[in-house]
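A short worksheet on the structure shown next.
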Amino acid sequence: MAMEIPAQVRRYWLPILLFTAGFLFQVLVLPRHIPPTHYDVLGVERFAPVERVVEAYESLSKEWLSETNHQPTVDIIKIRYAYELLTNPVLKRDYDLFGLDEHKDVLERVKEYRTEHFLKIDLPLLKDFVVSLTDDAFNVLTHESFMSAINEGYPLIILVYSKGSPRCAQFIEYWKQIGTQLDGIAKTAMVEVGDSQVAGYFAEKRFSKRPFFRNGVPTLVAYAANCKSPSCYMRYPGGLFVDSVVDWVATSVVGLPRILYYSKETLGPQFIGKSGHHKVKVIFFSSTGERAAPFLRQAAQEYSSYSSFGFVLWREDESQIWWNSLGVESAPALVFLKGPGTKPFVHHGIFSKSEFIEMMEEHKHHELRQLRSDTSLELGCDARGHSRAGNDAAIWYCVIVAGRLGAELSKKRQILRKAQDKLLGDVDRSAGNVDDSVEASSAATAFKDDRLTFVWLDGEVQKQICAFYLATDYTGACGPRDFGDDNDRPEIFIVRFQRNATYEGLKAEKKNNLVDVLQGLHTDASQLVARYKGPDEIEETSKVPDLVPEETSKEWLRNSKSIRSAGKSLKDNIGFHVQDYLTHPMIGSTLLMCGCISMGIIWFRNNKPTQSTRQEKAPKDKTKRPRPKLSTSLFGEPSVADVDPKDARQWEMSDSDSD
């Protein structure tokens, strides 16, 4: 039979629980998470000078040599460890300032000799070690240079280190690699913990208000470009690996987009098909699966209007696929896809940042560029009077192929590319003097002088301007595709722009209305349109429709600022660390106080008189009520009948008497 819990225990379960938790916290948890300091081990006051430490150690060491000494070896090792740490100037400084003690592994390792006599343990326990920074590339900050560095408006990564830390000495080589990879992305600098005025900015504080570094040193912090205050830094939360640190800086601090990996199944539909038809596709082949270097991610951001970037993991069993489709033989390799039907440009082997930027400038555009709302002025195919040849050019031309995306449009685009390549070859061979017919010479000269441009137009998106230029019979090239009727018929036409005579006069008088120009209310260049297969020519006399702004898909361009920073996790945002609360001396006393309060509340509620209790007491109160006052006569004197005789007694009639 189960034992029944007494009612009083059930009633006071909460105070009992709080009392127990508070008692256990004070007795078990708090002492365990607040171990004695090295000063306590030696029996001296905190921050005692070296002389006092030596004196205390010599006094304790005399007992070890006596034959009657029964002190455990582990305790002796702790005393020796505290002595060596507190007599080392650098280690004592770090311990006093920020509680740094990274040699605990030595202490734990030596404890394995607990069964051995202390004199058999090799001394000293700690080896003298100093981090030497002789390379001029290290930028060690003082307080003045630190304040100047964060006001430069450039991302800054700071390494907090200690001269007496073996971990910092091991990390220095990695730090050099990090600085090399971040060159041009962010600046790097160092702060020594001995400069407590600067290092104190980066230390955390517990309830004791004493500064400390949660993960010791080295530790990394970063200032974003728009951060001007010493307190607005981000703390690196991960492991001290080159790849992890560089990725955190590029993503969380600088805000560079990631370059994603694609497989052979997803490269076409997810990358090439969704990253914009007007963009050059830049594909990196990697055999290691490494992250994109920061300068590649920076290029992905700077060239996002022209190119899309993706990675492919090279596998030997897929090598034939990449050779047949892109001409890639091995990894590492870099591929530029410059439109359908064009031959990919392939670069095999590694490359430097400068080499990559040079290749990007050469291949950032399609061989046949798209006429868009954001490229019309740059291409010189706009009625606002802008020519690639400059403002002095009176006449210039745009050859346009318009149609819906598909196989038919790709064929016509290829025709224009071949014509463009032929003119380019003529210009290169004759240096501007072509020995062919007059027409070829004129076209080559116009192409050389940037007065002739070849472009393609998405007739489905740009239906209005496409229909305007083609005038009649434009349904095969302009507007949405009719899936029930295969009527795709892309059209090639040339637009001749001639600068209006009134343009120069308006410019001279400075009365040109910019709003009217941008809205197309008047044009700065007249246009003559000729279709490739017909004699029809029209002269532009009405308002030219505006190009529709295209929606550029940037799913691959994931900006890091839309993602929670790696340095600002939930516990960093709310300042919550469970470990810190285990060292708070007020937790136990708070639990005990809450137990007392809850017990008082429960007792008061249980002993408070209720309505039924008052009703039960009411009849008893009636029998004890006071005598009524004597009635008075008309003149205020007591009535004789109301006065009781001195020897009178009250008679109570029982039930038997009444019968």
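The values are calculated or read from the model by the stated rules, or taken from the named source; none is laboratory data. Please read these numbers as outputs of a predicted model, since none were measured by experiment. Counting neighbours? That spans all protein chains shown, and the Cβs are built from the backbone with ideal geometry, glycine included. Just so you know, the surface numbers come from the protein's heavy atoms only, side chains and all, with ligands and any DNA or RNA stripped out. Shrake-Rupley method; radii C 1.70, N 1.55, O 1.52, S 1.80 Å.
Screening ALA299 against (1) modelled with pLDDT of 95 or more; (2) surrounded by fewer than 18 Cβ atoms within 10 Å (Cβ to Cβ) leaves a single unmet condition, (2). If you scan the stretch 488-502, which residues turn out to be modelled with pLDDT under 80 and part of a loop (DSSP other than H, G, I, E, B)? ASN500 - this is the single residue of the stretch 488-502 that is modelled with pLDDT under 80 and part of a loop (DSSP other than H, G, I, E, B). Within the stretch 192-224, can you find the residues that are touching a strand residue (DSSP E or B) at 6+ places or on another chain (Cβ under 9 Å) and exposed (fewer than 14 other Cβ atoms within 10 Å of the Cβ)? Within the stretch 192-224, LYS205, ARG214 meet the criteria.
Would you confirm whether or not the stretch 76-90 contains a residue that is farther than 30 Å from GLY200 by Cβ and modelled with pLDDT under 85? Checked the stretch 76-90: no residue is farther than 30 Å from GLY200 by Cβ and modelled with pLDDT under 85. Looking only at residues of the stretch 441-462 that are buried (at least 19 other Cβ atoms within 10 Å of the Cβ) and among the small types (Gly, Ala, Ser), we find that the one that is farthest from PRO480 (Cα to Cα) is ALA444. In summary, GLN414 fulfils each of the numbered conditions (1) touching a residue at least 12 places away in the same chain (Cβ under 8 Å); (2) surrounded by fewer than 15 Cβ atoms within 10 Å (Cβ to Cβ) with the single exception of condition (2). Per the conditions (1) open to solvent by 10 Å² or more (accessible area, probe 1.4 Å); (2) at pLDDT 95 or above; (3) not hydrophobic (A, V, I, L, M, F, W, C), the sole criterion not satisfied by LYS228 is (2).
Would you check if LYS343 is surrounded by fewer than 17 Cβ atoms within 10 Å (Cβ to Cβ), at pLDDT below 95 and under 27 Å from the mean Cα position of the chain (by Cα)? Give the steps one after another, and end with the answer.
Values: surrounded by fewer than 17 Cβ atoms within 10 Å (Cβ to Cβ): yes; at pLDDT below 95: yes; under 27 Å from the mean Cα position of the chain (by Cα): no.
Here the answer is no, as LYS343 does not meet what is asked.
Restricting the first member to the stretch 34-59 and to residues that are in contact (Cβ under 8 Å) with a residue 12 or more places away in the chain and in a helix (DSSP H, G or I), and the second to residues that are among the aromatic types (Phe, Trp, Tyr) and surrounded by fewer than 13 Cβ atoms within 10 Å (Cβ to Cβ), the beta-carbon pairs closer than 9 Å and six or more apart or on different chains are TYR39/PHE47.
Condition check: under 28 Å from ILE185 (Cα atoms) and open to solvent by 30 Å² or more (accessible area, probe 1.4 Å). Does ILE321 satisfy that? Can you show your working first?
Numbers: under 28 Å from ILE185 (Cα atoms): no; open to solvent by 30 Å² or more (accessible area, probe 1.4 Å): yes.
Here the answer is no, as ILE321 does not meet what is asked.
Checking the structure you have, find out if any residue of the stretch 8-16 is modelled with pLDDT of 80 or more, outside the structural domain of THR87 (by the TED database), touching a helix residue (DSSP H, G or I) at 6+ places or on another chain (Cβ under 9 Å) and aliphatic (A, V, I, L, M). Within the stretch 8-16, one or more residues are modelled with pLDDT of 80 or more, outside the structural domain of THR87 (by the TED database), touching a helix residue (DSSP H, G or I) at 6+ places or on another chain (Cβ under 9 Å) and aliphatic (A, V, I, L, M).
VAL312: more than 20 Å from GLU367 (Cα to Cα), open to solvent by less than 10 Å² (accessible area, probe 1.4 Å), touching a Phe, Trp or Tyr at 6+ places or on another chain (Cβ under 8 Å) and outside the structural domain of ILE150 (by the TED database), yes or no? Spelling it out, VAL312 is indeed more than 20 Å from GLU367 (Cα to Cα), open to solvent by less than 10 Å² (accessible area, probe 1.4 Å), touching a Phe, Trp or Tyr at 6+ places or on another chain (Cβ under 8 Å) and outside the structural domain of ILE150 (by the TED database).
For residues in the stretch 346-396 being aliphatic (A, V, I, L, M) and over 30 Å from GLU329 (Cα atoms), which is surrounded by the fewest Cβ atoms within 10 Å (Cβ to Cβ)? Please lay out each step first, then the result.
To start, the set of residues in the stretch 346-396 that are aliphatic (A, V, I, L, M) comprises 346, 350, 357, 359-360, 368, 371, 377, 379, 383, 389, 393-395.
Narrowing the set further to residues that are over 30 Å from GLU329 (Cα atoms) leaves 371, 377, 379, 383, 389, 393-395.
Values: LEU371: 23, LEU377: 14, LEU379: 19, ALA383: 22, ALA389: 16, ALA393: 20, ALA394: 12, ILE395: 14.
Step by step, filter the stretch 346-396, then rank; the result is ALA394.
When SER330, SER308 are screened for being under 30 Å from GLU265 (Cβ atoms), at pLDDT 95 or above and assigned to a strand (DSSP E or B), only SER308 passes.
Residues of the stretch 383-418 that are closer than 26 Å to SER526 by Cα and of a type in the set (A, V, I, L, M): ALA383, ALA389, ALA393, ALA394, ILE395, VAL399, ILE400, VAL401, ALA402, LEU416. Inspect all residues belonging to the stretch 97-109 and state whether any of them is open to solvent by 20 Å² or more (accessible area, probe 1.4 Å), at pLDDT 90 or above and out of contact with any helix residue (DSSP H, G or I) (no Cβ under 9 Å at 6 or more places or on another chain). Checked the stretch 97-109: at least one residue is open to solvent by 20 Å² or more (accessible area, probe 1.4 Å), at pLDDT 90 or above and out of contact with any helix residue (DSSP H, G or I) (no Cβ under 9 Å at 6 or more places or on another chain).
Report, by residue number, each residue of the stretch 387-414 that is of a type in the set (S, T, N, Q) and within 30 Å of GLY476 (Cβ to Cβ). Don't jump to the end; show me each part of the working.
If we filter the stretch 387-414 for residues that are of a type in the set (S, T, N, Q), which is where we start, we get 387, 391, 410, 414.
Scanning the stretch 387-414 gives SER410, GLN414.
Scanning the stretch 249-274 for residues that are buried (at least 20 other Cβ atoms within 10 Å of the Cβ), out of contact with any Ser or Thr (no Cβ under 9 Å at 6 or more places or on another chain) and not in a loop (DSSP other than H, G, I, E, B) gives VAL249, LEU267.
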